[in-house]
Amino acid sequence: MGQPHQGDEAEKPPLGVGMVGYAFMGAAHSQGWRTVGRVFDLPRRPVLAAVCGRDGQAVRAMADRHGWAAAETDWRALIARDDVDLVDICTPGDSHAEIAVAALAAGKHVLCEKPLANTVDEAEVMAAAAEAAFARGQMSMVGFNYRRLPATSLARSMVAEGRLGALRHVRVTYLQDWLVDPEFPLTWRLRKELAGSGALGDLGAHIVDLAQYLAGEQLVGVSALTETFVRERPLPGGASSGLSAVSEAVGVGTVTVDDAALFTARFASGALASFEASRFATGRKNSLRIELNGERGSLAFDLERLNELSYHDHTEPGAHAGFRRILVTEPDHPYLEAWWPPGHGLGYEHTFVHQARDLVHAIAAGRPPVPSFADGLQVQRVLAAVEESAEKNSVYTPIAV
């Protein structure tokens, strides 16, 4: 698409964005909305209208830092604003359903961070509301940002083109270590009533969506194990930031989510899959790896080398066949027509720019964005099946349709 002309930008119809939540994901989404119109030629001009959070002083400081025109302390007031066309939800999972349903009822488009909800019941309500709202011209999307990497988008197109042939096996791991210290405080991510689940929802939702997206098919059943390694933690003192927080001097609370989840699964085609999600993998900071093996070849991706794909073409003679590195920085690779010259890599934050780009185009064209709330509901059903299987000593559990 190339670089937009600043003179043309002012003449495009605005798309007022209101964001609820202002911490880690709020900063990442702000980066996306602030940057997207300066990089891509869009049919509408995103405007950072207002950001919302409960702490008035903190949310005003965030608005000033990230370029939001106004700050609110009540999400209902944000939804009611005439200058907000789209509500971007970056809150803990316990509030996703209430905010999303209210925003759709008020005639707004919605972007909701993953996982879509804390329970299947909540996700079903959200998906039904999104379907009804689409009939009125409103769009809804879930923020599975790892779909928006040029390398994973290229991998999806290669699978769709038949480069791997029939899929046989997928293996995925998403490993972090920020909870290894037993003195790390009991933040909201460790409380089921706020987060829904632990590593399963936080990391597992990402890799379930990414595996299904790359494979082009859904999982139909799982056999799972989950574990909580540290069952009590100090209470937090003050606000948390990103994946860090400060403990209080006294008092402990009970951890009510999983620290790690492992499960095997089957795709609809009969292909097998294995998944690991852990926040106790010492030395792993944000290590997401996925490999897809098919009858004609294999693909592998590592988030810590996010501008690369490994590809093996099994149709080549064995004497010189093997995995080769694809540097995904060419202008004809996904999303890269508007960025830098070949070889100049992108990073994590660019996934949120691409997410905003895709949503703005879908809204302008009146087409359903992907992943949809229905896609988010399906991932929620996989997570629920994992929890059910783990509670039943790893009994194979079909995924509800």
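The values are calculated or read from the model by the stated rules, or taken from the named source; none is laboratory data. Source: prediction; values computed, not measured. Heads up, the Cβs are rebuilt from the backbone with ideal geometry, glycines too, and the neighbour counts pull from every protein chain shown. To get the accessible areas, we keep the full protein, side chains included, count just its heavy atoms, and leave off ligands, DNA and RNA. Shrake-Rupley method; radii C 1.70, N 1.55, O 1.52, S 1.80 Å.
For the chain, which whole-number percentage of the solvent-accessible area (1.4 Å probe, protein heavy atoms only) is attributable to carbon and sulfur atoms? Numbers along the way, then the final one.
Details: 8700 of 16900 Å².
Percent of accessible area from carbon and sulfur atoms in the chain: 51.
Okay, helix-only estimate at 222 nm for the chain: each DSSP H run of n ≥ 4 adds -39500 (n - 2.57), divide by all residues, round to 500 deg cm²/dmol; what do you get? List each step's numbers first, then the result.
Working: 11 runs with 123 residues, N = 401.
After summing the helix terms and dividing by residue count, I get -9500 deg cm²/dmol.
Mind giving me the FRET efficiency for ARG324 and LYS12? R0 is 45 Å, r the Cβ-Cβ distance, nearest 0.05 is fine. Before the final figure, lay out the partial values.
Values: r = 42 Å, r/R0 = 0.93.
Calculated transfer efficiency: 0.60.
What is the calculated FRET efficiency for ASN286 to ARG168, with r their C-beta to C-beta distance and R₀ = 30 Å, to the nearest 0.05? Write down the numbers at each step before the final one.
Details: r = 28 Å, r/R0 = 0.93.
After rounding to 0.05, the efficiency reads 0.60.
With the other protein chains left in place, how much accessible area per residue, in square angstrom, belongs to the range 306-401 at a 1.4 angstrom probe?
Result: 48 Å² of accessible area for each residue.
Within the range 209-240, what residues put their amide N at less than 14 Å from the label point 7 Å along the Cα-to-Cβ vector of VAL401?
Once the point is set 7 Å along Cα→Cβ of VAL401, 218-221 turn out to lie under 14 Å by backbone N, inside the range 209-240.
If I model a spin label at ARG65 and TYR348 as a point 7 Å from the Cα along the Cα→Cβ vector, what separation in nanometres do I get?
Here the modelled spin labels are 1.5 nm apart.
Between GLU391 and GLN57, what length comes free when the chain is fully extended (0.36 nm per residue of separation minus the Cα-Cα distance, one decimal in nm)?
Values: separation 334, 0.36 × 334 = 120.24 nm, distance 4.30 nm.
Computed gain between GLU391 and GLN57 is 115.9 nm.
Starting from 0.36 nm per residue, how many nanometres of slack lie between PHE24 and THR254 once their C-alpha separation is accounted for? List each step's numbers first, then the result.
Numbers: separation 230, 0.36 × 230 = 82.80 nm, distance 2.39 nm.
Gain in length upon complete extension: 80.4 nm.
Length gain on complete extension for the stretch ASP177 to ARG76, per 0.36 nm per residue less the alpha carbon to alpha carbon distance? Could you put the intermediate results ahead of the total?
On the way: separation 101, 0.36 × 101 = 36.36 nm, distance 3.63 nm.
Here the segment from ASP177 to ARG76 would lengthen by 32.7 nm.
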